[in-house]
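*Asks:* Here you go, one structure.
The values are calculated or read from the model by the stated rules, or taken from the named source; none is laboratory data. Remember, predicted model here, so these are calculated numbers, not experimental data. Quick reminder, even Gly has a Cβ in these numbers, built from the backbone with ideal geometry, and neighbours come from all protein chains shown. Remember, those area values only see protein heavy atoms, side chains included, never the ligands or the DNA or RNA. Shrake-Rupley method; radii C 1.70, N 1.55, O 1.52, S 1.80 Å.
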Amino acid sequence: VLSCSTYAMNCLRKFAVAAAQSAKLFSTSPQQLQKVAILGAGGGIGQPLALLMKNSLFVSELSLFDIANCAGVGADLSHIETRPAVTAHTGKDELAASLKGAKVVLIPAGVPRKPGMTRDDLFSVNASVVANLTYACAEHCPDAMICIITNPVNSTVPIAAEILKKKGVFDPKRLFGVTTLDIIRSNTFISQAKGLDVAKVNCPVICGHSGVTIIPVISQCTPAVSFPEAERKALTERIQNAGTEVVNAKAGAGSATLSMAYAGARFTNSLLQAMKGCSDIVECCFVQSDVGDT
């Protein structure tokens with residue numbers, strides 16, 4: 001059994017590795033696990049993200065919320081033989097209940113990108129979605145870690161920060177823009193280009209989560225890799241435009257949902273592991289910083 005699961009762990013990368021190491025970090029006591037809320041759990045990202053989090057050994061309760069289609073998702077997940085209990089909440093009247101006691105809140109709610117759209121085109125709709133949900137978090141779980149997946153992350157995270165500031169509960173160490181998808185794309189593309197084991201590749205990606213603001217730091221990749229200038233430029237541009245690659249391939253049927261759910265689960269499990277006191281967890285994300293002017 002061990003030899004079979006080892007390969008699976010490598011494929012699932014860090015969030016599965018975190019689960020494998022969890023026995024060293026917590027006992028089986030439910031009091032040491034966390035309630036995680038997913039806002040937008042009925043959507044294209046929310047459903048696979050909920051499935052992955054249902055398999056997390058760090059979660060005691062998985063609270064699902066959406067404006068529609070949440071009861072069915074909750075019923076489906078509740079049949080899975082893993083530890084997290086599942087509760088489903090539908091409509092704004094049940095939003096408060098979904099957030100009560102949550103220690104981590106994941107926000108993938110909003111509309112997806114379609115062919116021809118940029119992340120900025122999503123702003124007019126998704127900005128208000130994130131603002132309203134963040135306001136609810138400030139009211140009902142002000143100490144929770146809030147992880148924003150909804151695009152455009154470069155804009156939705158600052159909006160969330162301003163809402164939290166107005167409510168007097170802003171803590172820059174508790175608000176994250178999830179950009180992990182850029183890292184896993186970088187790892188995948190680099191491993192393919194160099195013929196490496198993707199489970200052993202780690203390339204940090206800094207700055208934002210849109211176009212040229214996505215900066216893969218290939219010089220800091222582990223293991224060390226190098227590319228001719230033209231190839232490095234093409235690789236960087238592919239990483240920056242990988243979201244458009246998926247949108248076009250789906251031909252109007254959606255954006256990157258499965259890979260984004262994987263990225264969100266990896267980030268969340270790393271966060272939950274760090275919350276339990278593990279000090280060697282490193283994930284890139286979009287946060288307030290005093291390093292630069294923006």
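*Asks:* Contact list please: Cβ distance under 8 Å, first residue in segment 137-160 and on the phi < 0 side of the Ramachandran plot and free of Cβ contacts under 8 Å to residues at least 12 places away in the same chain, second residue assigned to a loop (DSSP other than H, G, I, E, B) and of a type outside the set (D, E, K, R), pairs at least six apart or on different chains.
*Replies:* From residues that are on the phi < 0 side of the Ramachandran plot and free of Cβ contacts under 8 Å to residues at least 12 places away in the same chain, there are no pairs.
*Asks:* Just name the residue that is surrounded by the most Cβ atoms within 10 Å (Cβ to Cβ) out of those in segment 246-279 that are under 15 Å from the mean Cα position of the chain (by Cα) and β-branched (Val, Ile, Thr).
*Replies:* Filtering segment 246-279 for residues that are under 15 Å from the mean Cα position of the chain (by Cα) and β-branched (Val, Ile, Thr), the one surrounded by the most Cβ atoms within 10 Å (Cβ to Cβ) comes out as 268.
*Asks:* Consider residue 184 against the criteria (1) aliphatic (A, V, I, L, M); (2) outside any helix (DSSP H, G or I); (3) under 23 Å from residue 212 (Cα atoms): it satisfies all of them except one. Which criterion is unmet?
*Replies:* Going through the list (1) aliphatic (A, V, I, L, M); (2) outside any helix (DSSP H, G or I); (3) under 23 Å from residue 212 (Cα atoms), residue 184 breaks only (2).
*Asks:* In addition: So, in segment 87-106, how many residues would count as being of a type in the set (Val, Ile, Thr) and surrounded by fewer than 21 Cβ atoms within 10 Å (Cβ to Cβ)?
*Replies:* Restricting attention to segment 87-106, the residues satisfying the condition of being of a type in the set (Val, Ile, Thr) are 87, 90, 104-105.
Filter once more, so that each one left must be surrounded by fewer than 21 Cβ atoms within 10 Å (Cβ to Cβ): 87.
Summing the residues that are of a type in the set (Val, Ile, Thr) and surrounded by fewer than 21 Cβ atoms within 10 Å (Cβ to Cβ) in segment 87-106 gives 1.
*Asks:* Next up: Of the residues that make up segment 214-228, is at least one outside any helix (DSSP H, G or I), in contact (Cβ under 8 Å) with a residue 40 or more places away in the chain and loosely packed, with under 13 Cβ neighbours inside 10 Å?
*Replies:* Within segment 214-228, none of the residues are outside any helix (DSSP H, G or I), in contact (Cβ under 8 Å) with a residue 40 or more places away in the chain and loosely packed, with under 13 Cβ neighbours inside 10 Å.
*Asks:* Tally the residues that are open to solvent by 50 Å² or more (accessible area, probe 1.4 Å) and either out of contact with any Asp or Glu (no Cβ under 9 Å at 6 or more places or on another chain) or outside any loop (DSSP other than H, G, I, E, B) (or both), restricting the search to segment 169-181.
*Replies:* 3
*Asks:* Sort through 124, 78 and tell me the only one that's at pLDDT below 95, hydroxyl-bearing (Ser, Thr, Tyr), open to solvent by 50 Å² or more (accessible area, probe 1.4 Å) and out of contact with any Cys (no Cβ under 9 Å at 6 or more places or on another chain).
*Replies:* Every option except 124 fails the conditions.
*Asks:* When you scan segment 33-68, how many residues do you find that are over 14 Å from residue 105 (Cα atoms) and out of contact with any Leu (no Cβ under 6 Å at 6 or more places or on another chain)?
*Replies:* 13
*Asks:* Kindly establish whether residue 109 is surrounded by 20 or more Cβ atoms within 10 Å (Cβ to Cβ), modelled with pLDDT of 95 or more and under 13 Å from residue 261 (Cβ atoms).
*Replies:* Criteria not met by residue 109.
*Asks:* Of the residues 224, 199, 253, which is within 21 Å of residue 116 (Cα to Cα) and of a type in the set (A, V, I, L, M)?
*Replies:* Numbers: 224 fails: within 21 Å of residue 116 (Cα to Cα); 199 fails: within 21 Å of residue 116 (Cα to Cα).
The match here is 253.
*Asks:* From the set of residues in segment 283-294 that are modelled with pLDDT of 95 or more and part of a loop (DSSP other than H, G, I, E, B), which is most open to solvent (accessible area, probe 1.4 Å)?
*Replies:* Selected residue: 287.
*Asks:* Looking only at segment 242-279, which residues are in a loop (DSSP other than H, G, I, E, B) and farther than 20 Å from residue 59 by Cα?
*Replies:* 251, 252, 253, 254, 255, 256, 257, listed by residue number.
*Asks:* Identify all residues within segment 27-75 that are touching a residue at least 60 places away in the same chain (Cβ under 8 Å), open to solvent by less than 50 Å² (accessible area, probe 1.4 Å), out of contact with any Asp or Glu (no Cβ under 9 Å at 6 or more places or on another chain) and part of a helix (DSSP H, G or I); write none if there are none.
*Replies:* 48, 49, 52, 53
*Asks:* Here's something else I'd like to know. Could you look through segment 91-128, keep only residues that are within 15 Å of residue 210 (Cα to Cα), touching a residue at least 40 places away in the same chain (Cβ under 8 Å) and outside any loop (DSSP other than H, G, I, E, B), and pick out the one that is nearest to the chain's Cα centre (by Cα)?
*Replies:* So, considering only residues that are within 15 Å of residue 210 (Cα to Cα), touching a residue at least 40 places away in the same chain (Cβ under 8 Å) and outside any loop (DSSP other than H, G, I, E, B), the one nearest to the chain's Cα centre (by Cα) is 119.
*Asks:* Moving on to the next point. Examine segment 191-213 for a residue that is among the hydroxyl-bearing types (Ser, Thr, Tyr), modelled with pLDDT of 95 or more, open to solvent by less than 30 Å² (accessible area, probe 1.4 Å) and assigned to a helix (DSSP H, G or I), and state whether such a residue exists.
*Replies:* yes
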